[in-house]
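Taking it in order: structure first as structure tokens, then the write-up.
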């Protein structure tokens, strides 16, 4: 990457998400020459019934990715966690489909998590989410099938995607502290509609555990796709350390 080159990152965004755009803007505020651009598709609830699962069918996501390609972004990233309950193969197929349709590098939040787990040597995970019990259990099963054991978890029991953003930082911090007592290798705040990125650095220092926020993970993964010389935010925890 040539010094001074403008980096444009494209983010595929759930339609009812109100957190990931402002938080991503906060994360890149100190990065010269980096801009982020967003394209939405319909996601209003997280559940395991067919209607909710159908929100993540390929066609609407590819339509949103196509719109981002018009902005000549360097990377298109799916800024959502659906592969956590649908299976990692869904995100692998999505990456391949986006790259084939647009000719642009693609990334996802969940695949980025598993890259972070490998980099940090994580095998035992603490899981924090806003989701319902059945979704949380499905996530634990998917992660176990991919070598990550969820040893402690906290969830808010919510289904409406918009409502996830109403969980305040004090409640999220309490959930993090609760799972930290089990001594996981890392803690994942698994939802891109929760305001947790600003908590990570402080709690990592106090608890001695990597705190991986989904919005931060997506941004870090997108920057990794740009290349090793892409700038990284500072002051937001270990997720932005270069490998």
Where the Cα pairs of the range 112-213 fall when distances are cut into 5 Å bins, in %: 2, 14, 26, 26, 20, 10, 1
Likely footprinting exposure, 37, 155, fewest C-beta neighbours within 10 Å first: 37, 155
Zone of residue 144's modelled label, taken as backbone nitrogen in the range 90-127 under 17 Å from a point 7 Å along Cα→Cβ: 123-127
Cα gyration tensor shape of the range 7-119, rounded if a/c is under 1.5, else prolate or oblate by comparing a/b with b/c: rounded
Span from the the range 71-90 Cα centroid across to the the range 123-195 one, whole angstrom: 19 Å
Net length gained if the chain between residue 182 and residue 206 were fully extended (0.36 nm per residue, minus Cα distance): 7.1 nm
In nm, spacing of pseudo-spin labels at residue 8 and residue 25 (7 Å Cα→C-beta vector): 1.9 nm
Choice from 110, 128, 73 showing the highest fluctuation, given a GNM over the chain with Cα pairs closer than 10 Å: 73
Computed [θ] at 222 nm, helices only, for the chain once each DSSP H run of length n ≥ 4 contributes -39500 (n - 2.57): -12500 deg cm²/dmol
Fewest-first ranking of 105, 242, using other Cβ atoms within 10 Å as the exposure measure: 242, 105
Inter-label distance for residue 123 and residue 45, nm, one decimal - labels placed 7 Å from Cα along Cα-to-Cβ: 4.0 nm
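Any read-out appearing in this document is the output of simple, stated calculations on the displayed coordinates, not a laboratory observation. Being a predicted model, the structure only gives us computed values, none of them experimental. Cβ coordinates were reconstructed from backbone atoms using ideal geometry, including for glycine residues, and neighbour counts include every protein chain displayed.
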